[in-house]
Amino acid sequence: MLSLFRSAGPLSIATMFVISLLSACGGDSERGKTSCGITTCNAGQYCLNLACIPGCQSNENCALDQTCEDIGAGTHVGTCQNKNNPPTMMTTDPTCKTTCDKLVQCGLFTWDEGVVCQTGCEKWTTDQKKVTADCAAAWTCSGTTAPSCLGAVCGGKYQCKAGSCVQHSCI
């Protein structure tokens, strides 16, 4: 193998390096999939101690149409977010859009869950919308847990200290 590199010119070495990177990563159509020992992590996961963990440490852990956002200073872990802003929903209530967008921005909900949130919010009572909107507006997206006033205490980058997160509740 070494003799192959010695006989190759600079352009050939660079070309072979790019080809080997694309082979290992699967190219752009497979961006987000990363090698993790004998397994492969899917987009939205990174490798830690030979295990696939939800989150991202760079854009390479995200799908082609996503970027790694809100990377924590201490954990160095973020969440994959779509590059494009969510499409304008048919929602007529700006409170729903603002509230649900904040939950996506803070990393509690995925982009898809934010869309579902906006649709569901339309069916809430005025009081439910106000309480949730006030809670979301006051949240600074900091800490290791989401505010309990949201009714969703885990998800995205906010995981349960013990147990599993199922439908944004710790069990």
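Just so it is clear, none of the values below were taken in a lab; they were calculated from the coordinates. Here the structure is a predicted model, which is why all the values come from computation and not from measurement. All Cβ positions, even for glycine, are placed from backbone atoms using ideal geometry, and neighbour counts span all protein chains on display.
For this structure, a couple of remarks:
- Going by neighbour counts of Cβ atoms within 10 Å, the residues L103, L150, L108 line up, fewest first, as L150, L103, L108.
- Relative to the Cα centre, the charge distribution of the stretch 40-171, modelled as +1 at Lys and Arg Cβ and -1 at Asp and Glu Cβ, gives a dipole magnitude of about 220 debye.
- Across the stretch 41-140, the convex hull enclosing all Cα atoms gives 103 Å³ per residue.
- Residue by residue, the stretch 111-124 carries 3J(HN,Hα) couplings of 4, 4, 5, x, 5, 5, 4, 4, 5, x, 4, 4, 8, 6 Hz when phi is fed to the Karplus relation 6.51 cos²θ - 1.76 cosθ + 1.60 (θ = phi - 60°); x denotes Gly or Pro.
- Given their separation in residues at 0.36 nm each and the Cα-Cα distance between them, L64 and Q159 gain 31.7 nm when the chain is fully extended.
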